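Accompanying notes for the structure given below.
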Amino acid sequence: MSVDATAFEHTGATPGVAPLAGESTGRWTVAAAEALYNLPFADLLFQAQVVHRESFDPNRVQLSRLMSIKTGGCPEDCGYCSQSAHFDSGLKATKLMDVEAVIAGAREARDGGATRFCMGAAWRGPKGRDTARLVAMIQGVKALGLQTCMTLGMLSREQAQALGDAGLDYYNHNIDTSERYYSSVVSTRTFADRLETLEHVRASGMKVCCGGIIGMGEEVADRIAMLVTLANLPAAPESVPINSLIPIPGTPLADAQAVDPISFVRTIALARVLMPTSYVRLSAGRTAMSDETQALCFLAGANSIFVGDTLLTADNPSEDADAALLRRLGIRPATAD
Ligand code: SAM
Ligand code: DTB
Ligand code: SF4
């Protein structure tokens, strides 16, 4: 197979020698990423498979489980989100959950085969009064042998350090789209705000989970630019969630046009090639995907999913449906690492 050599001009690294997630990947150019994205489908998937197999067992997928520990009433205006107080999605807002209920949810997640438990809060950022409870949640979930992840909005350097010191393994904070398109989706914060929190997370020593959403009316160029931004961070995120928009009635993106599944698979493959040793998570939106599209996403290098009947507020495939799909594909759950 011949591959456009310009695809490798981004870095001084030897093609085929994968930099580790969390380490500098060198700089990708948008042109090189575009060239990859536009390869004939079979060539792109072949490249993604080659890269994937250098760092991962292609027949294992990591399972994460989400819990919304504080739902709705969020002051931010993200146009895709059921939890923003700016839109009427019909969702009932709740207070921060008790530690015991969160730990009970984590135990259920572990017993269902998840290795990572991700706790999400609909905040612009956490308040000082929440710290003690968040720390107790981290410690309680870790004690069950699970990896811990939180997604709580913006963090100052000190807040990130406090969560890291409490033992939080991962912090999720998505850039969601390209820098250019960001202000079309959110007005209450900037793309630069997102990058600043990511810097604080990285400086604290926690692992970074950062990705975005496909299907918000953005162009293919925005998807490519988003992935180039992620790959060119001083250190690539260890986890890269790629969400397919779940259109939420009442939000500005309720009527967004569904994404062509082939374009979605190309986006996953590009994420895999640009970030060879990161876990690429096929995240929100799987209920609307066929088994065949999901299978192509795994072939393109996705190696993580969210399991459990609900994500934060929206539906996810049932555990039975996921178990059946993974069985048909001969994919086994990955153990924690
Ligand atoms: N409030 C925190 C924040 O914004 O960082 C954490 C929770 S927020 C729900 C986490 C991520 O979920 C968002 O950045 C977005 O990528 C994803 N998300 C939210 N609503 C979605 C939807 N309707 N469809 C797909 N992804 C969605
Ligand atoms: C991510 O990228 N996707 C997850 C997790 N990080 C926090 C959230 C998906 C949310 C889907 C919409 C909902 O459940 O409300
Ligand atoms: Fe709030 Fe996060 Fe939803 Fe934005 S994505 S409205 S910050 S919960």
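The values are calculated or read from the model by the stated rules, or taken from the named source; none is laboratory data. Please read these numbers as outputs of a predicted model, since none were measured by experiment. In this analysis, Cβ positions are derived from the backbone assuming ideal geometry, glycine residues included, and neighbour counts consider all displayed protein chains. Quick note on the areas: whole protein, heavy atoms, side chains included, nothing else; ligands and nucleic acids left out. Shrake-Rupley method; radii C 1.70, N 1.55, O 1.52, S 1.80 Å.
Modelled spin labels at H86 and R157, positioned 7 Å past Cα toward Cβ, are 3.0 nm from each other.
Less than 9 Å Cβ to Cβ from D309, Lys/Arg counted +1 and Asp/Glu -1: what total charge do the surrounding residues give?
Values: positive: none; negative: D315, E319.
The answer is -2.
Computed per residue of the chain from DSSP H runs no shorter than four, each worth -39500 (n - 2.57), the mean residue ellipticity at 222 nm is -11000 deg cm²/dmol.
What net charge do the residues around R328 carry, taking every other residue with its C-beta under 12 Å from that of R328, with Lys and Arg at +1 and Asp and Glu at -1?
On the way: positive: R327; negative: D291, E292, D322.
Here the count lands on -2.
Tell me the net charge near G217. Cut-off is 14 Å between Cβ atoms, G217 excluded, with +1 for each Lys or Arg and -1 for each Asp or Glu.
Values: positive: R180, R223; negative: D176, E218, E219, D222, D255, D260.
Within the 14 Å Cβ shell, the charges total -4.
List the relative contact order of the chain as a percent without decimals, with contacts defined as Cα pairs under 8 Å and 6+ residues apart. Worked out over the chain, it gives 24 percent.
Working ranking of peptides 250-256, 240-246 by packing, defined as the average number of other Cβ atoms within 10 Å per residue, highest first, is 240-246, 250-256. Nonpolar atom fraction for the chain, defined as the carbon and sulfur part of the 1.4 Å probe accessible area, stands at 53 percent.
Taking every protein chain into account, the accessible area of the chain amounts to 41 square angstrom per residue (probe 1.4 Å).
Rounded to the nearest Hz, the phi-derived 3J(HN,Hα) couplings of segment 260-275 under the Karplus curve 6.51 cos²θ - 1.76 cosθ + 1.60 (θ = phi - 60°) are 5, x, 5, 5, 5, 5, 4, 5, 4, 4, 5, 4, 4, 6, 6, 10, where x marks glycine and proline.
Length gained on full extension, R129 to F41: 26.6 nm, using 0.36 nm per residue less the C-alpha separation.
Within the chain, what is the number of lysine pairs with alpha carbons under 14 Å apart, leaving out pairs fewer than eight places apart on the same chain?
On the way: K70/K92; K70/K95; K70/K127; K95/K127.
Lysine pairs satisfying the spacing and distance rule in the chain number 4.
Evaluate E = 1/(1 + (r/R0)^6) for A254 and R332, where r is the Cβ-Cβ distance and R0 equals 25 Å; express this FRET efficiency to the nearest 0.05.
Details: r = 38 Å, r/R0 = 1.50.
Computed FRET efficiency for A254 and R332 comes out at 0.10.
Go ahead and run the numbers for FRET between N59 and E108, Cβ-Cβ distance against an R0 of 25 Å, rounding to 0.05. According to the calculation, E is roughly 0.45. Would you mind classifying the chain by shape? Square roots of the alpha carbon gyration tensor eigenvalues, ordered a ≥ b ≥ c; an a/c under 1.5 is rounded, otherwise it is prolate if a/b is larger than b/c and oblate if not. It comes out rounded by the Cα gyration axes.
Placing pseudo-labels 7 Å out from each Cα toward the beta carbon at A221 and T310 gives an inter-label distance of 4.1 nm. The modelled label-to-label distance for the pair A323/V30, using points 7 Å beyond Cα in the direction of Cβ, is 4.7 nm.
Mind checking the dipole of segment 42-333: about its Cα centre, +1 per Lys or Arg Cβ, -1 per Asp or Glu Cβ, Debye to the nearest 20? Don't skip to the answer; put the middle values down first.
Details: 28 positive and 32 negative charges, 134 e Å.
So the dipole magnitude of segment 42-333 works out to roughly 640 debye.
For segment 46-53, 3J(HN,Hα) computed residue by residue from phi via the Karplus equation (6.51, -1.76, 1.60; θ = phi - 60°) reads 5, 4, 4, 5, 4, 4, 4, 6 Hz, glycine and proline entered as x.
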